[in-house]
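Colleague: Questions regarding the structure given below will be posed in turn.
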Amino acid sequence: MKEQNKIPYKIYLEENEMPKQYYNVRADMKKKPAPLLNPGTLEPMTAEELSGVFCEELVKQELDDTTAYFDIPEEVQDFYKMYRPSPLVRAYCLEEKLQTPAKIYYKFEGNNTSGSHKLNSAITQAYYAKKQGLRGVTTETGAGQWGTALSMACAYLGLDCDVYMVKVSYEQKPFRREVMRTYGANVTPSPSDTTEVGKKILAEHPGTTGSLGCAISEAVEAATSREGYRYVLGSVLSQVLLHQSVIGLEAKTAMDKYGIKPDVIIGCAGGGSNLGGLISPFMGEKLRGEQDYQFIAVEPASCPSLTRGKYVYDFCDTGMVCPLAKMYTLGSGFIPSANHAGGLRYHGMSSIVSELYDQGLIEARSVEQTEVFKAAEEFARVEGILPAPESSHAIKVAIDEALKCKETGEEKTILFGLTGTGYFDLKAYENYNNGTMGDYIPTDEELQKGLAGVPNFPGNEIK
Ligand SMILES: *Cc1c(COP(=O)(O)O)cnc(C)c1O
């Protein structure tokens with residue numbers, strides 16, 4: 001095997017090399033992401049307005065686009081020590097299998113019980129809720145990784161945790177639900193009749209299996225209608241990308257330790273948090289003109305926010321109770337086809353990732369789910385890890401890039417984010433193995449329907 005003596009299979013950091021601060025990539029962006037708007041006044045949301053929904057300290061982080069570094073609280077650093085640093089793995093076996101001259105690395109975030117990178121932000125958000133003296137937090141979960149991560153963080157800190165779980169997942173993933181309940185969370189299938197917005201959605205769409213957008217609306221209502229609760233979100237928001245920068249900071253320190261410079265950095269993109277977190281410190285260098293990198297966001301062809309969406313202000317949720325965010329969006333009413341099993345089903349995209357993409361600093365590709373599962377299978381067979389379907393979007397494009405190198409003979413260094421494990425996605429793997437998994441690409445007419453729901457005000461016209 002190549003270079004086995006020089007670079008270890010797994011590069012771990014020492015405890016004292018772990019990041020003590022998060023990096024806020026917005027600080028280095030000349031053109032900043034557009035601010036969140038109040039849907040009533042169309043004015044930028046103030047800290048005061050946001051703090052009715054979110055914890056105070058997190059509101060400060062959300063609104064701050066100039067401070068480059070934020071301290072990671074000591075308690076959060078201690079919690080991280082239970083499952084971090086996450087390994088940076090040299091995919092020697094995959095390289096061998098592909099017979100590529102490319103060097104492939106992946107940063108593996110699945111080494112904790114929740115099985116994904118989401119715990120990195122869950123603990124920080126729960127920490128600030130606790131520090132503010134709140135009783136608990138509410139949230140939505142789609143596939144269940146975020147809900148699981150948050151319930152672990154809340155159990156650790158002694159906070160209540162109310163999770164609105166997209167109904168289709170609640171039914172298809174009973175084991176996820178039980179993990180959350182074991183950590184003490186209350187789990188409600190969404191839409192439900194426990195909230196006004198849930199009742200409204202049920203009346204308008206009887207029999208709906210739900211969506212992340214619906215579950216967000218319910219969770220926000222559950223937080224704002226009770227004393228001592230705030231809402232927390234597992235992706236999309238700038239504060240979440242800030243917390244997830246721990247992924248990129250660790251990866252960069254580990255690579256610097258061995259003098260490795262990635263040429264291509266790839267991440268799957270749902271709401272954009274793992275991608276944003278992984279690329280942040282590298283993007284910072286690019287923005288400051290110190291280094292150049294190629295960044296690729298990978299999304300499902302069935303929910304193609306970046307590649308087929310529009311860059312406009314839109315609602316973050318179906319019930320239209322959240323602030324407006326400027327982002328690449330398919331419209332808050334867009335619900336991906338029920339046959340889509342691969343996660344990453346959010347209609348919008350982080351405003352940071354959206355702005356970087358709009359400036360041409362990030363590329364985007366969309367891939368179909370059967371080719372994603374094929375890449376997952378190939379990866380699992382040689383690298384051993386059973387990847388989450390979401391993560392496998394990044395695997396697919398990493399393999400594509402490595403195969404291109406095989407053709408051109410280029411020895412590129414590829415880094416991708418392996419965000420989690422697929423143990424709760426075995427139903428989807430079963431469909432793939434049985435050959436019953438299909439692909440679904442929405443037509444332009446279908447996308448048009450979702451986009452028709454984008455709020456209409458001067459300057460926000462869809463071009
Ligand atoms: C939630 C999740 C994603 C997508 O979310 P982002 O905010 O886009 O990172 C990707 N992979 C896994 C395993 C997840 O749980």
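Colleague: Would you be able to tell me the number of residues in region 183-206 that are of a type in the set (Gly, Ala, Ser) and either more than 11 Å from Gly319 (Cβ to Cβ) or modelled with pLDDT under 90 (or both)?
Modeller: The number of residues fulfilling the criteria is 4.
Colleague: Next up: Can you tell me which residue in region 223-232 is nearest to the ligand (Cβ to nearest atom), limited to those that are in contact with a Ser or Thr (Cβ under 7 Å, 6 or more places away or on another chain) and of a type outside the set (Val, Ile, Thr)?
Modeller: Of everything passing the filter in region 223-232, Tyr231 is nearest to the ligand (Cβ to nearest atom).
Colleague: Also, I was wondering about something else. Taking region 296-333 as the region of interest, how many residues are in contact with a Leu (Cβ under 7 Å, 6 or more places away or on another chain), buried (at least 20 other Cβ atoms within 10 Å of the Cβ) and assigned to a strand (DSSP E or B)?
Modeller: Going through region 296-333 one residue at a time, the tally reaches 9.
Colleague: Another question, then. Can you tell me which of (1) under 18 Å from the mean Cα position of the chain (by Cα); (2) open to solvent by less than 10 Å² (accessible area, probe 1.4 Å); (3) of a type in the set (Gly, Ala, Ser) is the one Ser351 doesn't meet?
Modeller: (2)
Colleague: Inside region 251-274, can you point out the residues that are within 16 Å of the ligand (Cβ to nearest atom) and over 28 Å from Ser332 (Cβ atoms)?
Modeller: Scanning region 251-274 gives Ala251, Ile265.
Colleague: Pairs under 8 Å by beta carbon, first residue among the acidic types (Asp, Glu) in region 252-274, partner surrounded by fewer than 24 Cβ atoms within 10 Å (Cβ to Cβ), six or more apart or different chains?
Modeller: These pairs meet every condition: Asp263/Tyr293; Asp263/Gln294; Asp263/Lys412; Asp263/Thr413.
Colleague: Taking Ser391 and the conditions (1) assigned to a helix (DSSP H, G or I); (2) farther than 26 Å from Ser235 by Cβ, which numbered condition does it fall short on, given that it satisfies the others?
Modeller: (2)
Colleague: Could you check how many residues of region 419-446 are within 16 Å of the ligand (Cβ to nearest atom) and not in a loop (DSSP other than H, G, I, E, B)?
Modeller: Total satisfying the criteria: 9.
Colleague: Of all the residues that make up region 371-408, how many are in contact with a strand residue (DSSP E or B) (Cβ under 7 Å, 6 or more places away or on another chain) and aromatic (Phe, Trp, Tyr)?
Modeller: Summing the residues that are in contact with a strand residue (DSSP E or B) (Cβ under 7 Å, 6 or more places away or on another chain) and aromatic (Phe, Trp, Tyr) in region 371-408 gives 1.
Colleague: Thr209 fails exactly one of the following numbered conditions: (1) farther than 30 Å from Glu17 by Cα; (2) away from the ligand (no atom under 16 Å from the Cβ); (3) modelled with pLDDT of 95 or more. What is the number of that condition?
Modeller: Going through (1) farther than 30 Å from Glu17 by Cα; (2) away from the ligand (no atom under 16 Å from the Cβ); (3) modelled with pLDDT of 95 or more one by one, Thr209 breaks only (3).
The values are calculated or read from the model by the stated rules, or taken from the named source; none is laboratory data. On a predicted model such as this, the values are computed, not experimentally measured, just so you know. Here Cβ is always computed from backbone atoms with ideal geometry, including for glycine, and neighbour counts include all displayed protein chains. Just so you know, the surface numbers come from the protein's heavy atoms only, side chains and all, with ligands and any DNA or RNA stripped out. Shrake-Rupley method; radii C 1.70, N 1.55, O 1.52, S 1.80 Å.
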